[in-house]
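Presented below is the structure to which this report refers.
The values are calculated or read from the model by the stated rules, or taken from the named source; none is laboratory data. Since we're looking at a predicted model, the values are computed, not measured. So basically every Cβ, Gly included, is an ideal-geometry build from the backbone, and we count neighbours across all protein chains shown.
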Amino acid sequence: MGEKKPMPVHVAVIMDGNGRWAELRKVPKLQGHNMGMVAMKEIVRKADDMGIKYLTVYAFSTENWKRSTEEIGGIFKLLVKFVAADLKELDERNAKVNIIGDWHDRLPQDAIDSVQEALDTTANNTGMVFNIALNYGSRAEIVRAVNYILENYDSSTEIGEEDISRALYTGDESGNIPDPDLIIRTSGEERLSNFLLWQAAYSELAFTDTLWPDFKPEEFEAMVEEYRTRERRYGGRL
Ligand code: FPP
C-alpha cells in the first residue's frame, strides 16, 4: 500500500454521454458529438504527454448504426474533420493511428479515405498508438477470429488462448496490442457494451459520472493515478 504501481501501458476509453450533454443544454445532439471530439483530442494529447503507449477510444460501435442517418453522418463528418485538422499534430508527436473494427465496410467513402490517409501517414511512427474502434463490436470480433482460425489452421491443431488473441483486431493485424490495463467509461454507465470483451479479462475498470464532453485531461490523469494505487492480482494472490 502507498507505493504507486507502474503507469498503465494501455488505457481504453468508452466515450459516453455526448447525447445527454446536448440534451441538458437543449442544443442539437451533434453539438454534443462536436464537443466530444474536442474532449477526445485533449485526452489524446494528455495520454501521449503522460507516456501512455496505447490509447484506445470507442468511437463507433456496430450498434451505433441504429441511430438516425443524420447523427451517423455527423459523427463520420467529425472523423473526416479530425483527420484533416489533427493528423499533422499526431504525426509530429510520432503517434501511430490504428483502427479496430470493420472500417472498410459500411463507412461513408470520405471517412474510409480519411482513415486510410491517417494509417498511411503514421504507419512508420513509433510513439503512442492511438487506436480507434470504428464499426467495432467485440462479439463480432470474436466470431471473425474463430472463422479466421477455422480457415487458416489445420483441423488437428489444438487452439490456445494465444491463437484467439492473435486473430482478434487487436492481434497480429494491429501489431499485437497488449490487453488494456485500465478501461474508463464516462457518463455514469457501468457496463462494457460489447467493447474488448476478450481483452478486458483482467482489466481494471473505472467509472465517472462526468459526461464525455466535460471529461478533462485533469480527470483522466486523476483516474490513471487512482488506477496506480490498485493491487492487481490476475486471479492469483501475491
Ligand atoms: C457516446 O455518446 C458517443 C458516441 C456514440 C460517439 C463518440 C464520438 C465522439 C466522441 C466524436 C467522434 C469521434 C470520432 C473519432 C469519430 P452518446 O451519444 O451515446 O451519449 P448518450 O448516451 O448520452 O446519448
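Tabulated data
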| read-out | value |
| --- | --- |
| Selection from the range 93-138 of residues that are among the basic types (K, R) and either closer than 13 Å to S174 by Cα or free of Cβ contacts under 8 Å to residues at least 24 places away in the same chain (or both) | K96 |
| Failed condition for L168, given (1) within 16 Å of the ligand (Cβ to nearest atom); (2) surrounded by 18 or more Cβ atoms within 10 Å (Cβ to Cβ); (3) more than 22 Å from M35 (Cα to Cα) | (1) |
| When residues of the range 139-190 are limited to those that are aromatic (F, W, Y) and not in a helix (DSSP H, G or I), the one nearest to the chain's Cα centre (by Cα) | Y169 |
| Matching residues, the range 185-238, being within 16 Å of the ligand (Cβ to nearest atom), acidic (D, E) and surrounded by 15 or more Cβ atoms within 10 Å (Cβ to Cβ) | D214, E219 |
| Residue within the range 52-68 that is farther than 26 Å from G188 by Cβ and exposed (fewer than 14 other Cβ atoms within 10 Å of the Cβ) present | no |
| Tally, over the range 194-232, of residues that are part of a loop (DSSP other than H, G, I, E, B), more than 21 Å from I177 (Cα to Cα) and of a type outside the set (D, E) | 7 |
| Meets criteria (touching a Leu at 6+ places or on another chain (Cβ under 7 Å) and on the phi > 0 side of the Ramachandran plot) for S187 | yes |
| For D48: the one exception among (1) buried (at least 19 other Cβ atoms within 10 Å of the Cβ); (2) among the acidic types (D, E); (3) near the ligand (Cβ under 9 Å from one of its atoms) | (3) |
| Matching residues, the range 104-122, being over 18 Å from the mean Cα position of the chain (by Cα) and either in a helix (DSSP H, G or I) or of a type in the set (K, R) (or both) | R106, Q109, D110, D113, E117, D120, T121 |
| The range 30-70: number of residues that are over 21 Å from F220 (Cβ atoms), in a helix (DSSP H, G or I) and over 14 Å from the mean Cα position of the chain (by Cα) | 8 |
| Among residues of the range 206-238, those that are of a type in the set (A, V, I, L, M, F, W, C) and out of contact with any helix residue (DSSP H, G or I) (no Cβ under 7 Å at 6 or more places or on another chain), counted | 5 |
| Filter result for R185 (basic (K, R) and either in contact with a helix residue (DSSP H, G or I) (Cβ under 7 Å, 6 or more places away or on another chain) or free of Cβ contacts under 8 Å to residues at least 40 places away in the same chain (or both)) | no |
| Evaluation of T62 against (1) more than 8 Å from the ligand (Cβ to nearest atom); (2) farther than 26 Å from Y169 by Cβ (one fails), failing number | (2) |
| Top-ranked residue in the range 1-23 [being of a type in the set (A, V, I, L, M, F, W, C) and either in contact with a Pro (Cβ under 8 Å, 6 or more places away or on another chain) or more than 9 Å from the ligand (Cβ to nearest atom) (or both); ranked as modelled with the lowest pLDDT] | M1 |
| K81 of a type in the set (K, R), modelled with pLDDT of 95 or more and over 17 Å from the mean Cα position of the chain (by Cα) | yes |
| Of residues in the range 24-45 being farther than 26 Å from Y136 by Cα and aliphatic (A, V, I, L, M), the one farthest from the ligand (Cβ to nearest atom) | V27 |
